[in-house]
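To keep things clear, I will list the structure first and then write my remarks on it.
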Amino acid sequence: MPAGSETLLGTYLRDRRAKLDPAALGFAGRRRTPGLRREEVAQRANISATWYTWLEQGRGGAPSADVLNRIATGLMLTEPEREHIFMLALGRPPEVRYRPAAGITPRLQRLLDTLETSPALVKTATWDVVAWNPAAAVVLTDWATVPPGERNILRRMFGDPRVRAAQHDWESVARVVVGAFRADAARAGAVSEVGALVDELCRTSPDFAALWRENDVHPHGDGVKQIRHPVLGWIELEYSAFAVDGRPDLGLIVYSPVAEVVRDRIRTLLQERRPERP
């Protein structure tokens, strides 16, 4: 256990324990202090009451990750709270637990929509697109016209000739995409979850299979992308990728037109798509 963290961990565990309602968790009896008793937390965590007591007292050395996860369950900690006790006890965050995305918050969607002329989208660790803004619909892909089960960047990249033809240098783009996909899956703890998608793409695309066998990993932080748009022609976009805080399964990508004239033309396309008000 990192030096100086014993009292911090014990204090935090006692605080969380005091905030739980014994009656709601099936524990009866009169109490002099609020919350659960130490032995009750130990029972819920399926660990020794003595061991749990030592942890609150800063004794017994560093707990294992398994013990911390059991305590987090016993104390009904949220994911940020679970990460916090790992940092206090071990000086590092817990291993990532992959959670398939079920969508995004309305707040994040509103953020996307404020980027008027910058196409932006949110993707999962398996590169399924789960959210986008109007600019992305007119510049990149109108994902609303794609069936939900087919909204996958890799499937379109390696299975749609139109997407391939729109890339300035498809081979280079594809290599970066596969390397970034591999890195995203590992970072999100989703290596096993991407297996079915990788098998499918290896069967349907020799290009993907060859790139996947290279085992390259590429960062997807930022860069420049050139695409051929059916209305705008060849355009150049700078892109930046961001992690979504608290959601390691999600990534945000924002594209910004390099030329101001392209930004103006995107604004015109968006105005043309908006329905006229009565």
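The values are calculated or read from the model by the stated rules, or taken from the named source; none is laboratory data. Since this is a predicted model, take the numbers as computed values, not measurements. As a convention, Cβ positions derive from the backbone with ideal geometry for all residues, glycine included, and neighbour counts pool all protein chains shown. The accessibility values were calculated without ligands, DNA or RNA, using every heavy atom of the protein model including side chains. Shrake-Rupley method; radii C 1.70, N 1.55, O 1.52, S 1.80 Å.
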Residues in segment 134-163 near a label at Glu272, defined as backbone nitrogen under 20 Å from the 7 Å Cα→Cβ point? 134-145
In whole percent, the fraction of accessible protein surface over segment 10-168 that belongs to carbon or sulfur atoms, probe radius 1.4 Å, stands at 53
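Determine, from the Cβ-Cβ distance of Val224 and Ser192 and an R0 of 35 Å, the FRET efficiency 1/(1 + (r/R0)^6), rounded to the nearest 0.05.
Between Val224 and Ser192 the formula returns 0.55.
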Using Cα-Cα distances under 8 Å and only pairs 6 or more residues apart, what relative contact order does segment 45-117 have, in percent? 24
Along its three principal axes, how long is segment 155-236 when you only count alpha carbons? Whole Å, largest extent first please. 40, 28, 19
Just need log10 I(q)/I(0) for the chain at q = 0.14 Å⁻¹, Debye formula, equal scatterers on the alpha-carbon atoms, no solvent, rounded to two decimals. -0.97
Computed, not fitted: 222 nm per-residue ellipticity of the chain from DSSP H runs ≥ 4 (each -39500 (n - 2.57)), nearest 500, equal to -13500 deg cm²/dmol
Given labels modelled 7 Å from the Cα in the Cβ direction, how far is it in nm from Asp245 to Ser64? 3.4
Can you report the principal axis dimensions of segment 79-216 using only the alpha carbons, biggest first, rounded to whole angstrom? 52, 39, 25
